[in-house]
Amino acid sequence: MRDILEYCIGGVKRSVAAGSEVLHEGGRTGHLYVLIEGRLEVVKGDAVVAAITEPGAVLGEMSVLLGQPHTATVRACSDAVIYEFEDAASFLQQEPGVALLIARMLAQRLNAANTYLADLKRQYAGHGTHLAMVGEVLQSMINLPPSEVSPGSDRQSDPRI
């Protein structure tokens, strides 16, 4: 994702103190953030789900692209420096190279999730446990119209499953 840094000239360079939130789960900013240096953590509910240390890592993209609240909180584990784009939608329209890099990143994430879920489906086929429904989850990921996407594990159940 370091390639994104080449496009960030128009962003506001911002220092973030350790312990500070960059974005808050459930909030709406319309902003896009790109890590320059430091260590950030992604928190969903009470669980830390990822650490971000790679310069060029993008934050807030799902909220911007889906027009929905942030799906997680991101906070600094150490002092960090980020680029901030206040009007992320305009930035992405003006810089299609960034939009393509983000699309590739999201496709990689989706591929990893699909691969993991398919593996779970194989492992638990015929076990009759709640993990046996993974096939239905995979099917619903493919067939949900964009207006029905609701990321996160705390969403309402899909009535088709």
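The values are calculated or read from the model by the stated rules, or taken from the named source; none is laboratory data. This structure is a prediction, so every number in the text was calculated from the model and none was measured. Every residue, glycine as well, gets a Cβ built from its backbone with ideal geometry; the counts of neighbours run over all protein chains shown.
Only residues that are under 16 Å from the mean Cα position of the chain (by Cα) and surrounded by 13 or more Cβ atoms within 10 Å (Cβ to Cβ): list them for segment 104-119, please.
Result: Met105, Leu106, Ala113, Asn114.
Residue-by-condition table, conditions (1) over 25 Å from Gly27 (Cα atoms); (2) in contact with a helix residue (DSSP H, G or I) (Cβ under 6 Å, 6 or more places away or on another chain); (3) modelled with pLDDT of 95 or more; (4) not hydroxyl-bearing (Ser, Thr, Tyr):
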| site | (1), (2), (3), (4) |
| --- | --- |
| Pro69 | no, no, yes, yes |
| Val74 | no, no, yes, yes |
| Cys77 | no, no, yes, yes |
| Asn114 | yes, no, no, yes |
| Asp119 | yes, no, no, yes |
| Gly126 | yes, no, no, yes |
| Thr129 | yes, no, no, no |
| Ala132 | yes, yes, no, yes |
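Residue-by-condition table, conditions (1) in a helix (DSSP H, G or I); (2) touching a residue at least 60 places away in the same chain (Cβ under 8 Å):
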| position | (1), (2) |
| --- | --- |
| Ser78 | no, yes |
| Glu84 | no, yes |
| Ser90 | yes, no |
| Gln93 | yes, no |
| Leu101 | yes, yes |
| Leu106 | yes, no |
| Arg109 | yes, no |
| Asn114 | yes, no |
| Leu117 | yes, no |
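If you go through segment 84-100, how many residues are within 19 Å of His24 (Cβ to Cβ) and aromatic (Phe, Trp, Tyr)?
Count: 1.
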